[in-house]
Amino acid sequence: MKRLLVFTYATLLLGPVLDAQQSTPARPPMEPQGRPDPWRSSPPAQEAIPIPVPMAPPKPNGPVQKSLVRVTATSLDPDYKAPWNAGTLERGVGAGFVISGNRIMTNAHVVANSRYLTVERDGDPNKYPAKVQFIANDCDLALITVSAPDFFKNMLSLQLGGIPALESTVSAYGYPIGGERMSVTTGIVSRVDFQLYTHSSVDQHLAIQISAQINPGNSGGPVMQDGKVVGVAFQGYSGDVAQGVAYMIPTPVIKRFLQDISNGHYDEYPDLAITYAKLQNPAQRRFLGLKDDDRGVLVSSVVAAGPSDGILYPGDVLLAIDGHPIASDANVELEGERAQFEEVVERKFKGDSVKMDVLRNKRPVTVEIKLYKPWPYSVQGHSYDVRPRYVLYGGLLFQPLNLDMLEAYRTADLRVRHFFEYFVLDQLYLQHPDVIVLANILPDPINTYLAPYRGGIVDEVNGKKIRTLDELANALTESPEQLIIRMIGDGPPLVLNRSQIEAARERIKTRYNVLKEQNLEEQPASKGPEQGNKI
Amino acid sequence: MTRHSLIAFGLILFTVSGALGKKESAVPSALNKQKQLALVRVNVTGQSYDYFRPWQKKAPFSKRALGAVLSKGRVLVTADLVTNQNYVELERAESGEKTAATVEVIDYEANLALLQPVEKSFLDGITPLEIALDTVVGDRLAAWQLEPTGALLATEGLVTTVQMMPYPIDVGEFLTYRISIPMQYRENSYTVPLVKKNKLAGLLLRYDSRSQLLDAIPAPVITHFLKDAESQNYRGFPSAGFSFFPTRDPALREFAGEKGKNAGGVYVTNVEPGTPAMKAGLQVGDMVTEVANNEIDQNGNYVDPLYGKIEFTNLLSAHGYAGDVVPFRVERNGKPMQLNVTLEHRDTKDYVSPPYNLDQPPRYYVLGGLIFQELSRQYLKEWGPNWQREAPQRLVYLDHFQSELFPDRNRRVVILSQVLPANSTIGYDELAYLTVTKVNGKEIKSLDDLAEAVKHPIEGFIKVETEEDPKQIELDAAQVAAEAQDLQDNYGISALHRLN
C-alpha cells in the first residue's frame, strides 16, 4: 500500500551501525524528526550506563541460539552529489536467522547496497562470506545464503508463527549496541497497525509494535513467541522522539515475501494506486445515494499510471473488495480481525486480480482490477543497489528528481519540492516522467556565469520538450552549435555553445575526477539471485 | 500546526512592546531646561486580525517608540509601528505631556507613516527636523534615542553601504543605508531617527545586535513619501512590472542579439499582464539598456551621482512617481528602440495572493463549519517568521509562483482553510488547506463567487469541489441553515461571513 492522502512518518527500527574504528564521514541528519530509524548497529554515542544485573536473567530459547547469526555488511551508498563516484563506504551490523532451505532471513536495510557480507554464528570463531539471494526493499526483508558447505550443518531453522495476541509476551534477539554477544529483550505486543516502512520511505504495510527494547543492531533479528518466529525486528523511534516504541515485521508480510520469491524472482507489492476518503458524513452519503449502513469509501483520485486507471473513477464508492464489505472507515473484516481494506491487496501478487463492488452514479457495478506496481511511486522512495542516473555536460550536472537526490542536496527550492511532493497526486509524471534538475555546476570558465540557473527544472532544449533523461542526453548530443535550454518558469534561457563545451570536456573531467559523464541505465526493479551482490 | 503571532519581524531586535505607562526612572532629572529635541515618544496600542479565526482580532499589543517631528506638525514613524493600531498617543520627551494622534498617511511597502497630534498646539516649541538628502558611504550618522529622563542618547555610526534591499513587506526593493553602529538598548527604541548635522538622514528599519549593523530607511525614500503625501491622494511607490536577468554571460548576450562585448543592458525574463511595462510594449527577450536616460550595466546598475553603482529600480521607486513617463531604451533582436513607460503603483488588489493586508479585516465565509478564506501572504505569515517552510507547502507554492500560475491575475484563490467540527461536518473535521475549484458546479474565483454559488444548492445539497483530495464534499443545505445559529453560539463567531 502506498501512502495515501496525508503522509505521516512512522519510525523504523533499523540502526545504521558504523564501525567505531572506521572513519566514515557522518551522514547529514536528513531524516525528518518523528520518523523511525532503521536499526543496524551504530557506535554508542555516550558511555553506557551500567544497569544492575537482573536477579533471574531470561534464558534464551535453545533453538534461537542455534539459528541466530550476526550479519556484518560493508556497503557502498551512492553519492548523489558526485554520482560518478563509487559511493560512501559504510559498515553495519545486524542480525539474521536461519529458516528452512538453508536460508538466512534478515532486513533489507541490513544488506542493501552491500558489497561484502559476512555472517557469524554463536560459538564459532569463523566469519563466513555470504551473498544476498533475494531483497525486498518495499517490505524491508532479505534472504542471504552462505556457500560454506558445513555452515548450516549444526544450525536449526526456525518456524514462522502467526500474529501474536495483544498483550502477549515476545522476546527479541539480536546484536544491539552494548556488547558483542547475542542479546535478548522481552516485551509485550502493544499494537497491530499499518506503518510506514522507513527503509523505502514510501511503502506502508502491517507492522506490530512491541514494548521489548530494540536498538541499533537488532535489525533482522527474530522476535519469538512459543518457540516460533512472530516477527522480524526492523525499526523504532530514537529516544528523542518517543521512548520504547519498536516495530517488527509480522509473519503475514514475511510469508508473502517467501511466497513471492518462490518463482525465483521478487515482484514487489502491487498497488491499487488510488486515493480515497472515508464516508462518514451523513449528507455526503445521501448525496451519493448510499444507505445509512456505514458502508463504502469514496474514490478521490486514480493514478493514471496505476492498474485502476480507466476502471475506477473519482466519485466512485467502493462497497466491497473480493466480497468483503468495506466499512465507511475503510476497514474490512479478515479472518475475524478488522483491517484496512488495502490488506486484501497486500496479500496479493503482481498479476493477481481484485474484484470491487462499486456504486457509480448511484448504480452498482462490479469491476476487476489486474494488479501491478505503478512506477511513479518509486521516485518518492529510497532506491538501493542502483547507480544514480545523471548527465554531466559542460560542468552542468543534470539529475532526475527522486528522494535520494533531494536528500543529498537538501534542497529548499519551492518548485523542486512541489514537483517531488505532488509528483503522483498531481500526475506531474505524465508530462515529466523524469523531473530533470540542474542539480549542480562544476565551475569552469565556460559556465562561470551560469550559477543562477542551478536548481532549475529542464523544460525544453532547442524548442523540443524534454521528458526523460535519455531525451536530454540525446538532445545534447544532437544539438547544433547553439544550445538553448529552457527551464520551467519565467527564468532566462540557458545558452551554451557546443564547440566551447567540447573543448572543455576533458578539462572538466580531469579537474573534478569525473570517471564517466553520464549514466542513463534504467534502475533495476530488484536484485534477483542471478545478480548476487553485484549491481 | 504552529500558530505564531505576527508581531516579530526578522531583524528588528529593538522592538519594544512593554506595558504602557511604565514607571520612568526614579533618578530626578537635572536637565530641566534641556534643549527641546525634535523627538516625541509614540505609544501605540493595537490588535492584529486573527487569520486562523478571521472573525476576531488577537489580544492587544503595546509598542513604545520615537517619532521624528517634521514641519507642519507632522511626526514621522515607521509603518510597522502603527500597523493595526487602535490608539496612538504622542508624549513629550521632557514633560511627559500626552495627546492622542491620528495616522494621516501610511505606506506599508516603504514602511513609513505620518502622524498628527489631535491637539494642534502639542508640538509647539519644537523646532522640526529638516531632511538631509546628501548622505553617502563614509558619512557618520547619529542615532537619536531618549534616556528615561528625556535626555538625548546619541550614538554615532558609519554608513558602510548604500544599496537596494527588501523591506519588511517584501514588495520590490528600496534604497537602504547600512550603518555600522553599536546601539544601546533603551525603551522606545523602535523607529529611531538617524541624524546628520541635526538633520534627519534616515529612520531605523532593522538592527542586528550581533553584527551591530543597522539598516535605515534613507532620506530619499522619506522625501519621496512626504512629497507623495502632500498630493490629494497618496499614490505609493511605483513599479514597472517586469523581471530581468543580468547579462554577464556572453552566450546569453549573443542569444539576445547583443554584439558588443562590453555594452550594458539586462535581459527581460517576464512582463506581467496589465503592468506599465506590458502597456508600454516591453517584451520578454528585450535588452533594457537605458532607463530615464541612465545607462544600465550588465548587472542592472546605473551610476548614481551620489552613490555610484546602484540598481536601476531606484530610478523608478525613489525618483519616479505614479503617472510619470519614464523613457526606456531597449534593444530587440539587436535593434534599438525607445519605449515610454507610464509608472503605476501596484495595488494589493492587483495580486492573486495579496502580499499584505493590514488595518483591514480578512474576508471569510463560514458554511456549516467549513471556513473559506482567500489565499494571501498575510494568511501564510500567520505561520511565523519561517512561514515559507512551515505553512502548507502547496499554498506557499501558489503564492510564490502566482504570476506564473495565474497570468491573468483576475482572480483570488479560495481555500477551505479549516473545519469546525459540527453535526453538518462530521467526517470532514480533518480537512484543511484545500483549494476550492467549484461550488454547486460553479467555478470559484473569489469568496464572492462562493457566496453566490452556495445560494443554489443541487437537490438540497451544497457540493464543494477541491483541487486536492478528497475532491468533493457535500453538505445538507437545510441542515446548514438550521444549525447556523448554534454554530455561531458554540464557537463564538460574531458573523458567519465578511465579504467587504
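Just so you know, all these numbers are worked out from the coordinates, no wet-lab data involved. None of the values given here were measured: they were computed from a predicted structure. Neighbour counts are summed over all protein chains in view; Cβ atoms, including those assigned to glycine, are modelled from backbone coordinates with ideal geometry.
Peptide B:465-473 has a mean shielding of 6, counted as Cβ atoms of other protein chains within 10 Å of each residue's Cβ. Placing dummy labels 7 Å off each Cα toward the beta-carbon, the span from A:L520 to B:E156 is 6.9 nm. Applying 1/(1 + (r/R0)^6) with R0 = 45 Å to the Cβ-Cβ distance of B:N293 and A:N462 gives a FRET efficiency near 0.75.
As a length-normalised measure over Cα pairs under 8 Å and 6 or more apart, the relative contact order of chain B settles at 11 percent. Our note on the geometry: Cα centres of segment B:285-351 and segment A:403-452, 33 Å apart.
In summary, the lysines within cross-link reach of B:K196, defined as a Cα separation below 22 angstrom excluding same-chain residues under 8 places away, comprise B:K35, B:K72, B:K227. Relative contact order of segment B:140-236, taken over Cα pairs closer than 8 Å and 6 or more residues apart, is 23 percent.
Extending 7 Å from Cα along the Cβ direction at B:E390 and again at A:K348 yields two label points whose distance is 4.4 nm. Multiplying the residue separation of A:D329 and A:N102 by 0.36 nm and removing their Cα-Cα distance gives an extension gain of 77.4 nm. Candidate cross-link partners of A:K81 among the aspartates and glutamates, defined by an alpha-carbon separation under 13 Å and a same-chain spacing of 8 or more, comprise A:D404, A:E407. Per-residue shielding of A:280-292, expressed as the average number of other chain Cβ atoms within 10 Å of the residue Cβ, stands at 6. Magnitude of the charge dipole for segment B:394-469, about its Cα centre and with charges confined to Cβ atoms of Lys, Arg (+1) and Asp, Glu (-1), is about 240 debye. On full extension, the segment bounded by A:T186 and A:N154 gains 8.9 nm, given 0.36 nm per residue less the C-alpha separation.
For segment B:429-480, which trypsin sites (Lys or Arg not before Pro) are both in a DSSP coil and crowded by at most 16 other Cβ atoms within 10 Å? Please report the intermediate quantities before stating the final value.
Working: sites: B:K438, B:K442, B:K445, B:K455, B:K463, B:K471; in loops: B:K445, B:K455, B:K471.
Sparse-neighbourhood loop trypsin sites (Lys or Arg not before Pro): B:K455.
Each Lys or Arg adds one and each Asp or Glu takes one away; over the other residues whose Cβ falls under 9 Å from the Cβ of B:F237, this sums to -2. For segment B:128-273, the Stokes-Einstein estimate of translational diffusion at 25 °C and a viscosity of 0.890 mPa s comes to 137 µm²/s, using the Kirkwood hydrodynamic radius over alpha-carbon pairs.
Here the relative contact order of chain A, from alpha carbon pairs under 8 Å that lie six or more residues apart, stands at 13 percent.
Taking the square root of 5 times each eigenvalue of the Cα gyration tensor, what semi-axes in Å does the equivalent ellipsoid of chain B have, largest first?
Value: 42, 36, 18 Å, ordered largest first.
By DSSP, what percent of the beta bridges with both residues in segment A:250-330 are antiparallel, rounded to the nearest 5? Among the beta bridges of segment A:250-330, antiparallel pairing accounts for roughly 90 percent.
If I take R0 = 22 Å and measure r between the Cβ atoms of A:D490 and B:D170 in this structure, what FRET efficiency does the formula 1/(1 + (r/R0)^6) give, to the nearest 0.05? So the FRET efficiency works out to roughly 0.80.
Stokes-Einstein diffusion for chain A, with the hydrodynamic radius set to the Kirkwood value over Cα pairs and evaluated at 10 °C in a medium of 1.306 mPa s, equals 63 µm²/s. Across all Cα pairs in segment A:92-222, the calculated P(r) in 5 Å bins from zero up to the longest distance comes to 2, 10, 18, 23, 23, 15, 8, 3, 0 percent per bin.
Cα-based values for segment B:67-204, radius of gyration first and Dmax second, are 15.1, 41 Å. Both radii were evaluated on the Cα set of the protein assembly as shown; the Rg over Rh quotient, with Rh as the Kirkwood radius, amounts to 1.02.
For the listed residue pairs B:K98/B:K199; A:K255/A:K370; A:K66/A:K153, the alpha carbons are over 18 angstrom apart in B:K98/B:K199; A:K255/A:K370. For chain A, adding -39500 (n - 2.57) for each run of n ≥ 4 DSSP H residues and dividing by the number of residues yields -3500 deg cm²/dmol at 222 nm.
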